[in-house]
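**Student:** Structure provided below as structure tokens; questions to follow.
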């Protein structure tokens with residue numbers, strides 16, 4: 001596919017202003033319109049060569065079908081489960097993301113949640129706000145010597161491993177692409193999932209939500225884990241089965257869960273949110289000023305570079321489009 005002519009881009013979610021600045025400096029007309037309904041987006045998309053979104057905009061088959069000259073959908077961030085990629089591919093539309101832009105934000109957030117689970121910091125904070133002094137109630141655990149299982153050893157998984165090793169945690173992991181030799185370079189022992197489940201004191205996932213990862217942690221896998229193990233999810237809702245987490249919490253199989261992402265967002269799962277051993281967060285993994293600025297600039301620069309014939313980076317459907 002030769003470099004496209006991109007004259008106008010619609011930005012339908014809130015992104016850092018640097019995104020618009022980079023595009024306009026390259027001579028591209030930018031229209032910003034957020035909080036649109038599906039019908040409004042279907043109307044606005046007409047005449048746009050490109051669309052830039054975060055996670056709020058749902059780029060459905062109807063939206064793609066309504067477009068008349070769309071060439072690229074740019075996701076300022078990592079996850080593209082809000083974009084109907086097969087429909088885009090059918091219309092020769094490139095779907096692009098910025099996988100490295102929020103790596104540090106997501107990795108740091110994961111580490112903070114692991115520490116918060118170990119010491120019950122949010123629960124202790126709420127107890128004090130309610131006027132109590134419950135020192136005995138909030139007995140914690142050291143992270144030193146504990147085993148952290150990391151499922152997904154890409155950019156974020158690697159950064160989590162390096163940071164938690166500084167606390168003296170043993171890091172083990174699984175990834176279908178990254179092999180044992182590569183994992184060992186950042187001190188992670190690679191193993192199959194069947195070996196990993198029973199060894200972990202903590203489990204964190206850093207994989208996309210695809211059919212192979214949906215409900216990866218369920219009743220069957222909880223049964224293979226240590227009693228009292230703890231789980232963190234800063235990746236995507238649906239990788240952990242929420243009903244199974246609740247059952248594991250009630251039985252004591254799971255000692256705590258820190259959940260940043262949910263099967264449905266905003267979540268309506270009050271039983272999990274209000275459980276005393278759950279730290280519930282409203283999808284804040286990439287929500288830092290630095291991360292959002294980095295993603296906004298990267299998606300704009302990737303589009304401009306492609307237009308200028310400098311190569312195509314971050315196209316998640318490149319193989320299907322034979323690029």
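The values are calculated or read from the model by the stated rules, or taken from the named source; none is laboratory data. Just so it is clear, the structure is predicted and the values come from calculations on it, not from any experiment. Quick reminder, even Gly has a Cβ in these numbers, built from the backbone with ideal geometry, and neighbours come from all protein chains shown.
**Student:** Here are 228, 252, 180, 237: which of them is touching a residue at least 12 places away in the same chain (Cβ under 8 Å) and within 26 Å of residue 104 (Cα to Cα)?
**Tutor:** 237
Let's see how each residue does on (1) in a strand (DSSP E or B); (2) in contact with a helix residue (DSSP H, G or I) (Cβ under 6 Å, 6 or more places away or on another chain); (3) closer than 30 Å to residue 31 by Cα; (4) outside the structural domain of residue 28 (by TED's automatic domain parsing):
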position	(1), (2), (3), (4)
244	no, yes, no, yes
257	yes, yes, no, yes
262	no, no, no, yes
266	no, no, yes, yes
276	no, no, no, yes
296	no, yes, yes, no
303	no, no, yes, no
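**Student:** All but one of (1) over 18 Å from residue 84 (Cα atoms); (2) out of contact with any strand residue (DSSP E or B) (no Cβ under 6 Å at 6 or more places or on another chain); (3) in contact (Cβ under 8 Å) with a residue 24 or more places away in the chain hold for residue 35; which doesn't?
**Tutor:** Answer for residue 35: the failing condition is (3).
**Student:** A further question follows. Quick one: which helices (runs of 4 or more DSSP H) lie wholly within region 122-212 and hold at least 3 residues that are closer than 21 Å to residue 281 by Cβ?
**Tutor:** By residue number, 155-165.
**Student:** Something else now. Any residue at all in region 306-320 that is on the phi > 0 side of the Ramachandran plot, in contact (Cβ under 8 Å) with a residue 24 or more places away in the chain, touching a strand residue (DSSP E or B) at 6+ places or on another chain (Cβ under 7 Å) and assigned to a loop (DSSP other than H, G, I, E, B)?
**Tutor:** Looking through region 306-320, at least one residue is on the phi > 0 side of the Ramachandran plot, in contact (Cβ under 8 Å) with a residue 24 or more places away in the chain, touching a strand residue (DSSP E or B) at 6+ places or on another chain (Cβ under 7 Å) and assigned to a loop (DSSP other than H, G, I, E, B).
**Student:** Something else now. How do the helices (runs of 4 or more DSSP H) wholly within region 1-70 filter down when requiring 2 or more residues that are modelled with pLDDT of 95 or more and buried (at least 21 other Cβ atoms within 10 Å of the Cβ): which remain?
**Tutor:** Once the helices (runs of 4 or more DSSP H) in region 1-70 are filtered for at least 2 residues that are modelled with pLDDT of 95 or more and buried (at least 21 other Cβ atoms within 10 Å of the Cβ), what remains is 18-25, 61-66.
**Student:** Taking the residues in region 86-104 that are in a loop (DSSP other than H, G, I, E, B) and in contact with a helix residue (DSSP H, G or I) (Cβ under 7 Å, 6 or more places away or on another chain) as candidates, determine which candidate is surrounded by the fewest Cβ atoms within 10 Å (Cβ to Cβ).
**Tutor:** Of all residues in region 86-104, those in a loop (DSSP other than H, G, I, E, B) come to 91-93, 98-102.
Right, trim to in contact with a helix residue (DSSP H, G or I) (Cβ under 7 Å, 6 or more places away or on another chain) and you get 91, 93, 98-102.
Working: 91: 12, 93: 22, 98: 24, 99: 20, 100: 15, 101: 26, 102: 26.
The extreme case among them is 91.
**Student:** Residue 178: under 19 Å from the mean Cα position of the chain (by Cα), under 30 Å from residue 3 (Cβ atoms) and surrounded by 15 or more Cβ atoms within 10 Å (Cβ to Cβ), yes or no? Give the derivation first.
**Tutor:** Numbers: under 19 Å from the mean Cα position of the chain (by Cα): yes; under 30 Å from residue 3 (Cβ atoms): no; surrounded by 15 or more Cβ atoms within 10 Å (Cβ to Cβ): yes.
Answer is no for this residue.
**Student:** From the list 237, 314, which residue is buried (at least 19 other Cβ atoms within 10 Å of the Cβ) and more than 30 Å from residue 121 (Cβ to Cβ)?
**Tutor:** 314
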